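Nothing in this text is a laboratory measurement; each read-out follows from the coordinates by a stated rule. From a predicted model like this one, the values you see are computed outputs, not experimental measurements. Here Cβ is always computed from backbone atoms with ideal geometry, including for glycine, and neighbour counts include all displayed protein chains.
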Amino acid sequence: MRLQRIRDYRLAKRVARGVQRYNGVTLSARRVLAQPHFSVVVKGKVAGWIGYERRGRGVYEIAHLSILPRFRRRGLAERATGRVLGIMRRAGGRYVYARVRRSNYAPQRLLRKFAFKRVGGGRNLRLARRL
């Protein structure tokens, strides 16, 4: 598995459609290109994507993590998340958070593996940790 920075408009458009389908979030291809987003590549095929956005000085949000159904249950999301956390740390990040639907248990378990703690509630949970 490798992460590849998304710089191609066609791929950004595909990711934006996938985020809409799998995450329920409307996202433009321009935003995918403007903020650091990566495709998760396995044997030359796009298996998913993950992005992050800077929210303040030293504060980042993990955004739009999705692994396509046929590639799930292989640890790809865990490896991609670990690599993105490292990228954020090297960029000077001190704090990271993610918003997850309350009913979506898989990403909640994944983030707890990385020592994320619940810091907010509502329709979406907010989980966070120091980098």
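Determine which residues of the range 47-63 fall in the zone a paramagnetic label at Arg5 would reach in this model, i.e. backbone nitrogen under 17 Å from the point 7 Å along Cα→Cβ. Answer for this model: 50-54.
If you put +1 on each Lys and Arg Cβ and -1 on each Asp and Glu Cβ, how big is the dipole of the chain around its Cα centre, in Debye rounded to 20? Intermediate values should be presented prior to the final figure.
Working: 36 positive and 4 negative charges, 41 e Å.
That gives a dipole near 200 debye.
Enumerate by residue number the trypsin sites (Lys or Arg not before Pro) in the range 36-121 meeting two conditions: DSSP loop (anything except H, G, I, E, B), and at most 14 other Cβ atoms within 10 Å of the site's Cβ. It would help to have the intermediate numbers written out before the result.
Working: sites: Lys43, Lys45, Arg54, Arg55, Arg57, Arg70, Arg72, Arg73, Arg74, Arg79, Arg83, Arg89, Arg90, Arg94, Arg99, Arg101, Arg102, Arg109, Arg112, Lys113, Lys117, Arg118; in loops: Lys43, Arg57, Arg72, Arg73, Arg74, Arg94, Arg102.
In loop regions of the range 36-121 (DSSP not H, G, I, E or B), the sparsely surrounded trypsin sites (Lys or Arg not before Pro) are Lys43, Arg57, Arg72, Arg73, Arg74, Arg94, Arg102.
Taking the number of Cβ atoms within 10 Å of each Cβ as an exposure proxy, the fewest-first ranking of His37, His64 is His64, His37.
Secondary-structure-derived ellipticity at 222 nm for the chain, considering helices only, amounts to -10500 deg cm²/dmol, per-run term -39500 (n - 2.57) for DSSP H runs with n ≥ 4.
Here the spin labels are modelled as points 7 Å beyond Cα on the Cα-Cβ line, and at Arg94 and Thr26 they lie 3.6 nm apart. Could you tell me how far the Cα centroid of the range 55-80 sits from the Cα centroid of the range 9-32, in Å? Using only Cα atoms, the two centres lie 14 Å from each other.
Just want to confirm a number: the relative contact order over the chain, from Cα pairs under 8 angstrom separated by 6+ residues, in percent.
Details: 208 pairs, mean separation 23.0, N = 131.
RCO, the chain: 18 percent.
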